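Here is the structure we will look at.
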Amino acid sequence: MEKKTNWVGAVYINTISSLKTTNSTAYDAVARKTAFQIANGAVTSLTLTVQGVPVFENGGTYGWSETLTGNNTVDVAALKTSLATTRATELGVTLDVAATGEPTHKAIKFLSGIRSATGDNGENYTNTEVAALKKLLNDTDGYMRTTLTSYDKFTISYGDGVSATVTLTATQVGASGYVTGIAAATTLAAAVHAKWDELYSTGQGSAAYSFWSAASAPTSHTIAAPSLKSSLSGSRAYNDALTFTWNAAAATSAAVSAASSGAVTETILDWVIGATEATTDNKSIGNALIISVKEDVAGSSHAVPGGDTTSSGVTLFVDSGAVTQVTFELLQSLAARLTTTLISNGDSATDTDTTYRGIYHADARGDVVNNEAANEGLSVTTGVARVTFSRIHWLSS
């Protein structure tokens, strides 16, 4: 009799898929941009060449020695003519010239008091608001002294995304519970200056987050303009607005009256930023010329720094020769090639943090752009696909 054998095998299989597809990020090529900064007023002549061809012109003649006047407005117009920009385009690049380098900022003065007459108050109150305050306080002499308590809060920013906030301490206010007049303005100026200095001039981590370092200690009730930390930041700190805000919401009449034992019922403060009480002069202004050249086709190499020759790339010549150094050194203390460490894409991406605009304050990103090749992206699939089969129907046969 033939011996029977049993078949042993899977009747039903349904395995989960372990397939996984990873897509690397695709990005377009990034066009190179080269920039130079020149301290106008001391440099008497300069020449810019692209692929060995002079770009600046004077009266239709493209020359090797454009003379500067020291007036930024005049010199920007003279260098960035339509003929110069057209020639740059013909050479495969875009030319720009702007007086936005090495900016200087503004001072802020806290007033010891206010009147409703024009010129007797600052940027915080209008004449009408001062008149209304005078009526509210039943003022008789027409001059209302600055008055502050520990309930008032003040915030200052120099326009690069960071700020310093101050509340006067009981010690600064004094035993009376409030401080007034020139003493109030002087006390506030010292406190605001000290806080900015602590955070952004000498602070451990936060010192790297601002273009601006606190100036010397306030003179009376004026905080002098801060100094630019690095002349190599290009135009990044240009047009920064100095803003000062006073949050008096907590200094209610009841709180102020209680703090001062009824001596005062309202806090008063006004200030002037810049030379006038208009807000139009509250921003940093540029002083040095920045000349930039950007390649029109990414990867064309037309905007590569050309070194000390005129045969390729971009070269700027000033009085003392070709500008090759990336710091303002003794050899060429009036001109330098700006640089950036920013690489935006791929595995080589560096210094991409944008938490604060003032971060990397010795970096001229924006004025300068590093060339980056395009990446089409790549899809990689790993793992095993789902497997299914069934022999359950055999059981019924």
ask   = How about region 278-293: which of its residues are surrounded by fewer than 20 Cβ atoms within 10 Å (Cβ to Cβ) and either farther than 23 Å from residue 76 by Cβ or out of contact with any Ser or Thr (no Cβ under 7 Å at 6 or more places or on another chain) (or both)?
value = 278, 279, 280, 281, 283
inquiry  = With the structure loaded, tell me whether residue 35 is in a strand (DSSP E or B), hydrophobic (A, V, I, L, M, F, W, C) and closer than 20 Å to residue 293 by Cα or whether it fails that test.
reply    = yes
message = What are the pairs with Cβ atoms under 7 angstrom where one residue, in region 344-367, is outside the structural domain of residue 237 (by TED's automatic domain parsing) and among the hydroxyl-bearing types (Ser, Thr, Tyr) and the other, located anywhere, is surrounded by 16 or more Cβ atoms within 10 Å (Cβ to Cβ) and outside any loop (DSSP other than H, G, I, E, B)? Sequence gap at least six, or different chains.
response = 344/30; 344/372; 350/343; 356/209
ask   = Which residues, taken from region 123-152, are of a type in the set (Val, Ile, Thr), touching a helix residue (DSSP H, G or I) at 6+ places or on another chain (Cβ under 7 Å) and not in a loop (DSSP other than H, G, I, E, B)?
value = 147
task = May I ask you to say which residue of 261, 257, 300 is within 30 Å of the chain's Cα centre (by Cα), surrounded by fewer than 18 Cβ atoms within 10 Å (Cβ to Cβ) and outside any strand (DSSP E or B)?
result = 300
ask   = Is it fair to say residue 367 is modelled with pLDDT of 90 or more and among the acidic types (Asp, Glu)?
value = yes
ask   = What are the residues in region 110-159 that are modelled with pLDDT under 95, more than 24 Å from residue 175 (Cα to Cα) and of a type in the set (Asp, Glu), if any?
value = 120, 129, 139, 141
Of residues in region 102-127 being touching a Gly at 6+ places or on another chain (Cβ under 6 Å) and under 23 Å from residue 289 (Cα atoms), the one surrounded by the most Cβ atoms within 10 Å (Cβ to Cβ) = 103
note = For residue 245, the lone unmet condition from (1) among the hydroxyl-bearing types (Ser, Thr, Tyr); (2) buried (at least 20 other Cβ atoms within 10 Å of the Cβ); (3) assigned to a strand (DSSP E or B) is (2)
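Has region 211-220 got at least one residue that is buried (at least 20 other Cβ atoms within 10 Å of the Cβ), of a type in the set (A, V, I, L, M), without any contact (Cβ under 8 Å) to a residue 40 or more places away in the chain and within 30 Å of residue 333 (Cβ to Cβ)?
Within region 211-220, one or more residues are buried (at least 20 other Cβ atoms within 10 Å of the Cβ), of a type in the set (A, V, I, L, M), without any contact (Cβ under 8 Å) to a residue 40 or more places away in the chain and within 30 Å of residue 333 (Cβ to Cβ).
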query = All but one of (1) of a type outside the set (Lys, Arg); (2) modelled with pLDDT under 90; (3) outside any loop (DSSP other than H, G, I, E, B) hold for residue 74; which doesn't?
reply = (2)
request  = Could you tell me which of the residues 43, 30 is under 14 Å from residue 317 (Cα atoms) and either of a type in the set (Val, Ile, Thr) or free of Cβ contacts under 8 Å to residues at least 60 places away in the same chain (or both)?
outcome  = 43
request  = Would you confirm whether any residue within region 150-158 is touching a strand residue (DSSP E or B) at 6+ places or on another chain (Cβ under 8 Å), surrounded by 18 or more Cβ atoms within 10 Å (Cβ to Cβ), under 25 Å from residue 255 (Cβ atoms) and among the aliphatic types (A, V, I, L, M)?
outcome  = yes
message = Filter region 325-350 down to the residues that are among the hydroxyl-bearing types (Ser, Thr, Tyr) and under 14 Å from residue 39 (Cα atoms) and list them by number.
response = 327, 333
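Residue by residue, here is whether (1) over 20 Å from residue 124 (Cα atoms); (2) in contact with a Gly (Cβ under 9 Å, 6 or more places away or on another chain); (3) of a type in the set (D, E, K, R) holds:
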site: 156; (1), (2), (3): no, no, no
site: 159; (1), (2), (3): no, yes, no
site: 170; (1), (2), (3): yes, yes, no
site: 183; (1), (2), (3): no, yes, no
site: 190; (1), (2), (3): no, no, no
site: 203; (1), (2), (3): yes, no, no
site: 213; (1), (2), (3): yes, no, no
task = Output the residue which, of all residues in region 72-85 that are within 16 Å of residue 39 (Cα to Cα) and touching a residue at least 24 places away in the same chain (Cβ under 8 Å), is surrounded by the most Cβ atoms within 10 Å (Cβ to Cβ).
result = 79
request  = Please state which one of 33, 20, 4, 80 is assigned by TED's automatic domain parsing to the domain that holds residue 363, at pLDDT below 80 and either under 30 Å from residue 366 (Cα atoms) or more than 31 Å from the chain's Cα centre (by Cα) (or both).
outcome  = 20
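Please work out if residue 270 is acidic (Asp, Glu), buried (at least 21 other Cβ atoms within 10 Å of the Cβ) and over 30 Å from residue 339 (Cβ atoms).
Against the criterion (acidic (Asp, Glu), buried (at least 21 other Cβ atoms within 10 Å of the Cβ) and over 30 Å from residue 339 (Cβ atoms)), residue 270 qualifies.
The values are calculated or read from the model by the stated rules, or taken from the named source; none is laboratory data. Everything quoted here is computed from the prediction, not taken from an experiment. A quick note on method: Cβ atoms are made from the backbone with ideal geometry, for glycine too, and the neighbour counts reach across all protein chains shown.
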